[in-house]
Structure formats: structure tokens, C-alpha cells
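**Q** Submitted below is the structure of interest, expressed as C-alpha cells.
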């Protein structure tokens, strides 16, 4: 007797057990049924299909030939090959539908009075003995057809499922595991593989077969992370301790489905982080839909987010329009610049977030939502709430997990690595161009205040890359950094350290070129000595006003 009753209240479970046991000794049973050797064994089958498979194998090996039960679809798919291997039959007690169409499955609709359990037993007893006879053929493996079992469940599951032999050879790996862990059948796992995996994942194992010949691994993300030298969120690289602390929250956000609020200045990379959270989550196979609230006209925010039906308003698109919430089903919806949403529209968004249902404009039908929300803003929403420009209840709903992205000026240790990354990306994009960044350019970048954050750095590197396209490296004079003298608290102009540094760099360049010209005597020889093109040297001479060449 197999009862897949996970989540069923205990009183209902006890009632079902009592009803079944009374039916087995019911006086209405026919004589043929009464003499059948019944062995009443109750097992509560868990929702995990592999646990279910192990329990069925154990019962079948004890000689049980007839299984009765209320079985989930996933358990049905994985136990049918086992039952057929051992010559068993399954009486499916579910009245909802005929799950598991197979000659070895008996359904309630197959016998006369489906309301009486005794008639079900009589129906089973009336079957020909050959139908209940075991299948006589040698078992080729200790686990009956384990490949069929794994393919039946593993290829449909979004969990990470791996089967390995006792010699640590990967026998089977399902699609999510192939993508996440880069494993293929035939791979031999080293002794430290599981130890390294346990830092961020939990592993449940099931030994099957004689002498535990095979191991099934069910791998799940950990709910928490160990403190240690590992990256808190490998999808984003940073050398800033302040940003690393925030990325620990990002790693938690990736493993959960909770609403997440990203705070940061314009250009600090909020959408990049939102995409990284999505790609590291269980929703990575679903869509990532980004909506910039600030770009939407006030009158179109509701229709863009929630959609509308045909004829909902004048000018409505024929056939209606699917909103961003529906488009992001099974994935992530990124609401950028959420602080720009008008307060009268915020109540509509709040209702959708609370009810997890959306209703298109002009419709009366609500649709269930399965979407994860990540919102972002460059405003201080707590101050906006105090000022009455943002609803407090919406703020609390969005602010389940909060991540504050530090501005680039507060993580200067990331400037040089980012500059090199952007230069490499541009070189791959154009297939040519400078292959390095000179130290004077790195120094100039590190001294800049970066009001536009990472976006400004990306744009500046692209311009410098194009200006230095035919030169080997990017230098300081290729950088379009605007150097303004800062002002004191009294408004007085003070000397700008970066401008002074730039002046010193120009003096050094001037002296170096003058020395090369005096030693080489010709422009071509001097350019060769300096390691630059003749045209570059000529331009620098004119810029610096050197001698007769200026």
C-alpha cells in the first residue's frame, strides 16, 4: 500500500489507513479474493521521486506483487519501470485522471462499483494469474533500469541531479547540472569535488544497488553562506570590501524569490547587478524584462505594466497588449527608477505585489503571477516616504532585501580593473586597437571623481580607445577627462590636485620628447626611439609647443 500523502493532514491520513484496512477484511469479498495472500504494508511515499523509487524497490524485492496507492505524477513516472521490471501491478486509487497509462496499471474506472473498495479487491482477484506473474529474465544490473528512471524524472526536474558510480565516474547528469557544474557523463570526479561543492551547496545522497554500486546526488543551494575567502557573488567581480559586503546580500537574493531593492547613483550598474542576480537564480531559464519607469509617459505606465484588452481605451492596440508582468512570467521583472512612479500609480503596483495577480485594463479576469521583482532607484526612498512622494506600504513591500551599490569614487580599487576589462571588450569588438593602458592614464583615471560612475568610465574608455586606435597603448592625453578646479566651502576656487598632476605629466612628456629629438636629430628616429608612430610624435610636438616643430 503506497500513499503519496505529503502535506495531507494527519486526521485524513489516519482515516484513509483505517478505511483501507477494513476493506481488506470486508465480508463482501469473493471467495477467490479472500484466499489471496494479502500482506498489508503501509508506506508513506515522499514527494522526492528517488526516495519513492528506493521504497518500491525494497518492497518488490520482498516479493510484493501488487501495489495500491495514491501516487503523484512524478512518482508514477519513476516507479512504473521498476514495477514492470519486477512483474508487479499498480492499482491507482486516484479518481482524478488516468495517470500512468500502462498495462500494469489498474484504474478505479476499470471495475464495476468504484465507490466500494471491496469491489476493487474483487476486480484485482479476478485477473488471470498470468497477469500477476513475475517477468522471468535476469537482471543485468543491481538497480532495475536506472537510466530509464533517471531520464523519466531528471530531464523534467529543475533540480540538480547527478548519478555516479562507486569509482566516482559520472553516469548521468541532467540538464540543469550540466549547465551549472559543467559535468558530462564519463567525467571522473576528484576527491575534493564534493568538499568544494559543499561550501555553497547541500548534497543529499541515496545509495542504491548491491554494495551501494551507485549513488544519486540531489544538489540544492544553501540558504546561507560560510564566511571565507570565496567570492560572495561570483557573477560580479570587485576588489572593494564595501561592495563585497553588499554582494553577500545579492547572493542571498539569487537563492530566494523575495522582492529586492537596489539603491545606487546613476550609472553605478544597478541593471547589471539585477541581471546577475537573475542569471544566478533558479529563474535563469525564464525571461528577464527590464522596464525604466522614468521613460514611460504617466498615462501609459499602467497599460505598459499590466497590459490591456482589445478596445480598452481609444487607440488601444487591436487584439490587446500583454503587460510586462505577464511577459516576465517564470522569470524576473526589473523595475528601474521606481522612485519616478507617480504616487497615484503606486497603489496599483502595490495591489499586484500583494495579491500576486494581475488584471489587464478593460478586463475582469485576474491572472496568477509567477514573477520575481527587482526594483532600483537612485533616490533615497526613505526620504521620499517622509516627504509623502512615495507610499510607505509599497516601499516596505519592495524593500525585503536591500542592496546599496557604492559609487565608483568610493571603490577606486575597481577603476583600473574595469578600465582594462572595457579596453579588452573594445579590442574584441573592433578586432584591433591599443593592447594596453599606460600608467599615466591609469593614474588620471584613479584621480577622477566619476560623477557618472561605471557608465561614465565605460564611455570614456571607448572614446580613448578610438582616439588611440592606431597606437599601441592608451595614454593620459587620450582621456577626455574634464578637469575643473574644485571650490571650497566658501565658494572660493582652490587648486585642483588632478590638474596639477596633469601639468606635471605634460612637463615630463615635453622633457622626454625634447631629449629624444636632441639625441636622434630626425623626427623618424626620435619616434622610433620613443616607441610611437611618427604622426603621433608630430602631434605631441605641436600640442606641447616644442621648438621649431611647434
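**Q** For an R0 of 51 angstrom, estimate the FRET efficiency from the Cβ-Cβ distance between residue 279 and residue 518 and round to the nearest 0.05. Walk me through the intermediate numbers first.
**A** On the way: r = 57 Å, r/R0 = 1.13.
It comes to 0.35.
**Q** Divide the volume of the convex hull of the Cα atoms of segment 241-406 by its number of residues and quote the answer in cubic angstrom per residue. Numbers along the way, then the final one.
**A** On the way: hull volume 18.2 nm³, N = 166.
Output value, Cα hull per residue: 110 Å³.
**Q** Can you sort 75, 404 by how many other beta carbons sit within 10 Å, fewest first? Display every interim value, and only then the final one.
**A** Numbers: 75 28, 404 14.
Fewest-to-most ranking of 75, 404: 404, 75.
**Q** Quickly work out the residue 310-to-residue 182 label distance, labels modelled 7 Å from Cα along the C-beta direction, and quote it in nm with one decimal.
**A** According to this spin-label approximation, the distance is 5.1 nm.
**Q** When the chain is fully extended, how far beyond the present Cα-Cα distance does residue 396 get from residue 102, taking 0.36 nm per residue of separation? Present the calculation step by step, with values, prior to reporting the outcome.
**A** Values: separation 294, 0.36 × 294 = 105.84 nm, distance 5.22 nm.
Computed gain between residue 396 and residue 102 is 100.6 nm.
**Q** Over all directions, average the projected area of the Cα convex hull of segment 384-454 and note it in nm².
**A** Numbers: hull surface 30.2 nm².
Reported value for the Cα convex hull: 7.6 nm².
**Q** If you don't mind, another one. Normalising by the residue count of segment 281-387, find the relative contact order in percent from Cα pairs under 8 Å and 6+ residues apart.
**A** Relative contact order, segment 281-387: 32 percent.
All of the numbers you see were taken from the coordinates with simple rules; none came from a lab. All values derive from a computational prediction rather than experimental measurement. Counting neighbours? That spans all protein chains shown, and the Cβs are built from the backbone with ideal geometry, glycine included.
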